[in-house]
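Data first, discussion second: the structure below is written as structure tokens.
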Amino acid sequence: MIKHVHWIALLPLIASVVILLGSRDNTEKSRLPLLGVAVMGWCLLHSLLILAGVLSGRAEVPFYRTLPWFEFGGFEMTLGVLIDGTAAFMLVVVTLVSFLVQVYSLGYMHADPRFKRYFAYLSFFSASMLGLVISSNLMALFACWELVGVSSYLLIGFWFEGDAPAYAGKKAFITTKLGDLGFFVGLLLLFAYAQTFDLKMLPLHFQMGPGHMPAWVPTAVGVLLLCGAAGKSAQVPLFVWLPDAMEGPTPVSALIHAATMVAAGVYLVARTYFIYQAAPMALEAVAWVGLITAALAATMAVAAYDIKRVLAFSTVSQLGFMMLGLGVGGYTSGLFHLTTHGCFKALLFLCAGSVIHAVHTNDMRQMGGLSKKMPETFITMLIGAFAIAGFPFLSGWFSKEAILHDVYRFSPAMWCAALATAALTAFYMFRLVFLTFLGISRDHPRWEHAGESPPVMTVPLWILAALSIFAGLALEHNGIFAGAVCFGPAAAAEGAEAVAHAPNWLAWGAVGAFALGLAAAWRLYGTGDLSLASSLKRSLAGVFDILEDRYGFDRFFLALVRASDSLAAALYWFDSNIIDAIFVDGWALATRALAEVQRFFDDFFVDGAVDGVGALTRDGGLGLSRLMAGKVQEYLLFVALAVSLFATFIMTR
């Protein structure tokens, strides 16, 4: 099956075109969306078989196959696939989440007038992400990277009739392009010294040492690639697009946040980890960006009341944890958290979609008491909250514990900050659960009309809930995940040694953080009496204003936009006035002056010379004509004189 892995990306692309062009958009009886679901189900099965082959050893990895793409100068660009343990796990995560989201969307989006187009966009999005995962070439990866950006723009702004979705789509597209600019410059710099984009050949260039390329090149390339990763994976300061991306349909939010677009940046760092190993400064930059992102996003989630926005900030925070793990040398732990996060984050978003589908609001202040109306959604949401908060032996606990071990080995101070962030994760997640499902209803008409979602929406929830419980334990068992995705045998041995020599009390750090966050959330929101939470918010009004303002990042970028607009207006004025006066009006004046000089020269010198020669010839002829009287004797005299002069001249020589 691994030999046909390219079809995992091509079939969703073909399905997208067929769904989009197969019938009219508003045809209620169209069954074309089922084609997208069936294709993604096949891709999931194909990915599972590839992963089974990788884990069992039947599939020889890395599997590498290329074809000629195009030529320029003396270089040949190839297009192909590269499958190793990391790519195999990523394929399963992407296809699993995409398949369950498409099944869930059959119920969630059934009444939308652009139901068919929505599924075409979903398939296009999945094809772009899957192409990114399997690509053997960084330039082809970058092309799929940009297609992910285009498809996310289409999905985030799917309900473009409203101002907010249209604005959110543009904001996501433009913000990620800022990071992509750094990514592209990094690719150009990389090619200038390595002369290739091939992911199989590139590690050899970085293993040759400083003699092969200047020492600053890996650092510069690593930082530039980090810019692209920060844009796609919503790291500081380019995270501002992700909370607003909630304006799209909730299944889209689950797809983007769980395992596709936002995971692309983390996957890029992992895919080019050989560059960061050669550039310790760039690797440490990854760690600090991840830690700052995780901490800031966790604090912003505490002040949010939109249920999807809380989950959006939690995604940003968990992505920060993944970057932190990669940055401190925890290649396996960072990718492990990426894998488990795909399960419980998809679960949480789909549970949020079930709630919104029932009460028709995102504001948790208008919810409460929904556990009695939506028991299946409540239980699965509770499982997802326990998993992301790090409850022992659930999937999130294994992966987050691994990251904390790697962080402690790198820097105990960073470990303390990461542990505090983990406590905040438990706090804001159970704050969400308590405000939504426990206590009394705070909007009785909405509560009265609420009901459990249909099976087409709840069955994916139970599947993801089971994965959130057991996936971490299954992958941790006998080091299955570490053995498949580790960055070389040495990395696996080093990671195992680090865990073995970690302090005994370190394993209880995450448990203590979880317990502390849960206890604080229960005290403020669990009993149904919100007076203490309201009083605390009033006393810390200034802090909450900063958090709700997102630390001013949005205002900062808005100021940059306005400054660029002002600069553009100033440049336009300068161009219209100064530049025109100098280069347009000034050139016209200079041209007229030169024309006058030329006219003077022509009149007095050129024309004067021509007229003078003509007048001299005319006057000379007129003077000579007066010497001639017309007598033959005079003509003979002149001839005789001429002959005499000529003879004298000849004889004197």
Once the dipole of the chain is set up with Lys and Arg at +1 and Asp and Glu at -1 on Cβ about the Cα centre, which of PHE349, ALA279, ILE83 lies farthest towards its positive end? PHE349
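Viscosity 0.692 mPa s, temperature 37 °C: what is the translational diffusion coefficient of the chain from Stokes-Einstein with a Kirkwood Rh over Cα pairs, rounded to a whole number of µm²/s?
117
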Here the gain from full extension of ALA568 to ASP112, 0.36 nm per residue of separation minus their alpha-carbon distance, amounts to 160.1 nm
Principal-axis tilt of helix 280-302 within the chain, Cα atoms, nearest 10 degrees: 60
Pairwise label distance in nanometres, SER56 with VAL456, each label 7 Å out on the Cα-Cβ vector: 3.5
With Cα atoms, 0 to 90° folded angle of helix 607-625 axis to the chain main axis: 10
With 0.36 nm assigned to each residue of separation and the Cα-Cα distance removed, ARG31 to ALA590 gains 194.1 nm
Percent relative contact order for the stretch 352-492, counting Cα pairs under 8 Å at least six residues apart, stands at 41
Which one of VAL17, LEU224, GLY396 is farthest out on the positive end of the charge dipole of the chain, using unit charges on Cβ (Lys, Arg +1; Asp, Glu -1) and the Cα centre as origin? GLY396
FRET efficiency estimate (nearest 0.05) - Cβ-Cβ, ASP607 to SER644, R0 45 angstrom: 0.55
Report, in whole Å, the centroid distance computed from the Cα atoms of the stretch 359-429 and the stretch 283-327. 12
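Could you give the length gained on full extension between LEU49 and GLN195, defined as 0.36 nm per residue of separation minus the Cα-Cα distance, in nm?
Working: separation 146, 0.36 × 146 = 52.56 nm, distance 3.53 nm.
Full extension of this stretch gives 49.0 nm more.
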Applying the Karplus parametrisation 6.51 cos²θ - 1.76 cosθ + 1.60 with θ = phi - 60° to the phi angles of the stretch 376-382, what ³J(HN,Hα) value in whole Hz is obtained for each residue in order, glycine and proline being reported as x? 5, 5, 4, 5, 5, 5, 5
Among the lysines, select those whose C-alpha is under 21 Å from the C-alpha of LYS177, and discard any that sit fewer than 8 residues away in the same chain. LYS232
Here the FRET efficiency for LEU473 versus GLN207, based on Cβ atoms and R0 = 35 Å and rounded to 0.05, is 0.45
Measuring from label point to label point, each 7 Å out along Cα→Cβ, what is the TRP7 to ALA533 span in nm? 5.1
Between the alpha carbon centres of the stretch 99-176 and the stretch 211-229 the gap in Å comes to 30
Scoring the chain by relative contact order with C-alpha pairs under 8 Å, at least six apart, yields a percentage of 11
Amide H of MET77 versus every other amide H placed in the peptide plane: which residues, excluding those fewer than 5 positions away on the same chain, fall under 5 Å? TRP69, PHE70, GLU71, PHE72
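Apply 1/(1 + (r/R0)^6) to the Cβ-Cβ distance of VAL18 and ALA519, taking R0 = 56 Å, and write down the FRET efficiency to the nearest 0.05. Let's see the in-between values first.
Values: r = 53 Å, r/R0 = 0.95.
E(calc), rounded to 0.05, equals 0.60.
In square angstrom, what is the accessible area per residue of the stretch 1-155 with a 1.4 angstrom probe?
With all protein chains present, the stretch 1-155 gives 42 Å² per residue.
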Return the subset of LYS373/LYS400; LYS308/LYS373; LYS373/LYS537 for which the Cα-Cα distance in this structure is over 25 Å, preserving the input order. LYS373/LYS400; LYS373/LYS537
Each label point is 7 Å from the Cα along the Cα-to-Cβ direction; what then is the distance between the points at VAL302 and LYS631, in nm? 13.5
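The values are calculated or read from the model by the stated rules, or taken from the named source; none is laboratory data. Model, not experiment: these values are computed from the prediction. For neighbour counting, all protein chains shown are included, and Cβ atoms are generated from backbone atoms with ideal geometry for every residue, glycine included. All accessible areas refer to the heavy atoms of the entire protein, side chains included, with ligands and DNA or RNA removed. Shrake-Rupley method; radii C 1.70, N 1.55, O 1.52, S 1.80 Å.
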